[in-house]
């Protein structure tokens, strides 16, 4: 196994330092980097500051084989990436005539004259290849600086993705790649999975396995690189899949909701939901999957007891006797969902907090039930964390409960 | 106005480079930094690599006044932050006896002997102050390196927050601060807001105003620093609030759903929702607010036409004549929501794509309606972006429609 090549990502923008906004462009480049045999060794964010950008470019280009720079290529005074890179590498900026013509034409098509300031977008670091984008005004730039390939990319996500795919990947592809496989597990906690797979760390190397905790989900990211990457990865995958067992719901980009919908579709079952504490989150996750409508009929957000009675037929007596957060009410809600015109009814009722907990029903207590023609199943959990976390835990756990039921078919 | 002091954040962890996981710890420190007069000048992520961490610490400590380092303080072989910082600054690591005693006691309380490897957590960079955490095993460390204060913090978010609040803020507070104010606008696009406020950039300085686009929302982040920060910020705020007009729904941590719930509560109105293309997202956003249950009764995710008829009383004839995505159906759904037992019924029906669009009803077409005792209002938009974006745009636009209706009271 050979090591992957070292890449760095430099995101430029003061809003990424001053506000809650995070750099997500580096993630857009991640699968492509892996495909062509690179891995991030470093990520940085600096503001719209000439000196700071130049310093970062100098350091990163000296240290890595590939440097992706995102942002600061627009026409306004804040956009100083071109100047900073020229400064860092001791080169001139050259106005590119072909780009100038393209920019003028772009403005003309929009019925406007090109403003003076826009011409800056045609300034290219001497020696750089211009990466013209049909989507955006500012082109990208690709240049060599010592042993490093430096690529300047626009900060607009779809323009960045387009330039990476069209220009960068073909120019850098080495035949080698970092092969990655993500195993997705549902209805489990990280600590349990870690205990189960611990001995595989030693066998395959800790640096090749990353374990990520989701809410009621765990993701195992396996990686291998070099000429034997595919076969090594396949061997790892077999070992981990075996240990994951029935907790494994999918791979890579699979989503729990997508897997659940596929399984229901295969079985010819329709789904309806009855949500209390999750308030619509399960419906949201399900309908995030394109084409959900042939399986998902909809449901009820039964936040008040009145709606639990009225739309789901939960008996008032039961609510009074057992309380809204109880096995019995969850099961009645699931039957009510089924009666909306589905073969699978999913119900969730719980205490998401911060208020509403008691000694025997603390915050985090959630009852979930799934009704199908084969009967009812029920699960009861006390999830950790704050209101938002508890709701996510509950939604994912409940979806996984449906998955396990349908899988039994 | 004096400039804020320069801080940097260094997040350590290979999972932040190799997977989709992002550093979010830097955001936890952000409000506290502003309170004590610092602003991020740089953020970095490096892997669990001794040399890479040391290099980053050396560069960042030379360049900034404060360096927060998060992660790599645990007991396993991957955790090399202590060694890397010692290497970077040319210092020894010293085993701290008081920490060792505290660690042993911690293990004893859990009924376990302290494993040999755990003693590493008591290693302290020579000259560092130990920041003991009641929450976690590994302590933080605070040290001076030239003109820079370097703080080592655990990567576990709540431990990091605790150490920042208890130790770091009191030791670094300067009397100065970066005062920030976020104005939150609903039902608008970034380009419209930018055109309206453009002249204020010149008046107050572009670097003091950051405009962030949400989905059907815009956030204006205003900042000032130095001794006159409060009064300068107040002046900026007045100017921007005036231009925001009725689009302004709140400030700082306010959420649109929270503001809507407060307004409904004040008016003594209850809310019910009827969602089609958003599939439960509006219910989810509303119930994310603690205490939503006294205003929000719940609603229907009427994803199928069958549920639109059955639970919301939308006439089949109307669905056939106008189509599910139409003004008339949105209005009928809103009346149906009202009839669930509320004084305000919100309905959303649209085409989130990728399939289902047509020439006169392209993907992104969404009809929204709000029914109250004062009558019906309707809005029709064609939102941009992919399925996920369209649904977010629609949910926020619809919530804002409720806000405007209730505000008219």
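No lab work stands behind these numbers, since they all come straight from the coordinates. The structure presented is a predicted model; accordingly, all values stated were derived computationally and were not measured. Cβ: placed from backbone, ideal geometry, glycine included. Neighbour counts: every protein chain shown.
For this structure, a couple of remarks:
- Listing A:389, B:333 from fewest to most neighbouring C-beta atoms within 10 Å gives A:389, B:333.
- Calculated on C-alpha atoms, the gyration radius of segment B:283-328 divided by its Kirkwood radius gives an Rg/Rh of 1.13.
- Shortest-first distances to equivalent copies, position residue A:173, nm, label 7 Å out along Cβ: 5.9
- Simple spin-label estimate for residue A:407 and residue B:294 gives 4.4 nm between the two label positions (7 Å along the Cα-to-Cβ direction from each Cα).
- In this assembly of identical copies, the label point of residue A:127 (Cα plus 7 Å along Cα-to-Cβ) is separated from its counterparts by 4.0 nm, sorted shortest first.
- Computed over segment B:5-172, the quotient of the alpha carbon radius of gyration and 2.2 N^0.38 Å is 0.98.
- Cα gyration tensor, segment A:1-66 - rounded (a/c under 1.5), prolate or oblate: oblate
- Order of A:159, B:105 - criterion: other Cβ atoms within 10 Å of each residue's Cβ, fewest first: B:105, A:159
- Inter-copy label distances at residue A:157, using a point 7 Å along Cα-to-Cβ, come to 2.0 nm with the shortest given first.
- Rounded to two decimals, the Cα-based Rg/Rh of segment A:119-226, with Kirkwood Rh, is 1.17.
- Computed [θ] at 222 nm, helices only, for chain B once each DSSP H run of length n ≥ 4 contributes -39500 (n - 2.57): -11500 deg cm²/dmol
- Cα pair distances exceeding 28 angstrom across segment B:256-407, given as percent: 12
- Reported value for the protein assembly as shown: 180 Å³ per residue, from the convex hull of its C-alpha atoms.
- Between the Cα long axis of helix A:229-244 and the first principal axis of chain A there is an angle of about 20°, rounded to the nearest 10.
- Highest-first arrangement of B:249-261, A:226-238, where packing means the average Cβ count within 10 Å: B:249-261, A:226-238
- Gyration tensor verdict on segment A:340-409 (Cα atoms; rounded if a/c is under 1.5, prolate if a/b is larger than b/c, oblate otherwise): prolate
- Rel. contact order, % - alpha carbon contacts under 8 angstrom, at least six apart, chain A: 12
- Cα-projected label distance for residue A:104 with residue A:339, points at 7 Å along beta-carbon direction, nm: 7.4
- Counted residue by residue at 0.36 nm each, then reduced by the alpha carbon distance between them, the extension gain from residue B:165 to residue B:361 reaches 65.3 nm.
- Helix B:25-35 vs. chain B, principal-axis angle (Cα, 0 to 90°, nearest 10): 90
- The angle between the Cα long axis of helix A:327-338 and the longest principal axis of the Cα atoms of chain A comes to about 70 degrees, rounded to the nearest 10.
- Averaged over the residues of A:150-157, the number of partner chain Cβ atoms lying within 10 Å of the residue Cβ comes to 0.
- Neighbour counts of C-beta atoms inside 10 Å place A:174, B:76 in the sequence A:174, B:76, starting with the fewest.
- Cα gyration tensor, segment A:158-301 - rounded (a/c under 1.5), prolate or oblate: oblate
- Here each label is just a point 7 Å from Cα along the line to Cβ, and for residue A:126 and residue A:206 those points are 5.0 nm apart.
- Axis-proximal residue of chain A for the rotation onto chain B, reported as residue and distance in whole Å: A:280, 1, based on Cβ position.
- Counting Cβ atoms of other protein chains within 10 Å of each residue's Cβ and taking the mean over peptide A:44-53 gives 4.
- Computed with the Debye formula from one identical point scatterer per Cα of segment B:178-251, without solvent, the log10 of I(q)/I(0) at q = 0.26 Å⁻¹ comes to -1.27.
- Per-residue mean of foreign Cβ neighbours for A:289-297 is 4 (Cβ atoms of other chains, 10 Å radius).
- Scattering profile of segment A:236-280 at q = 0.16, 0.18, 0.22, 0.27 Å⁻¹ [log10 I(q)/I(0), Debye over alpha-carbon scatterers]: -0.64, -0.74, -0.90, -1.00
- Reciprocal of mean inverse Cα separation for chain A (Kirkwood radius, Å): 24.6
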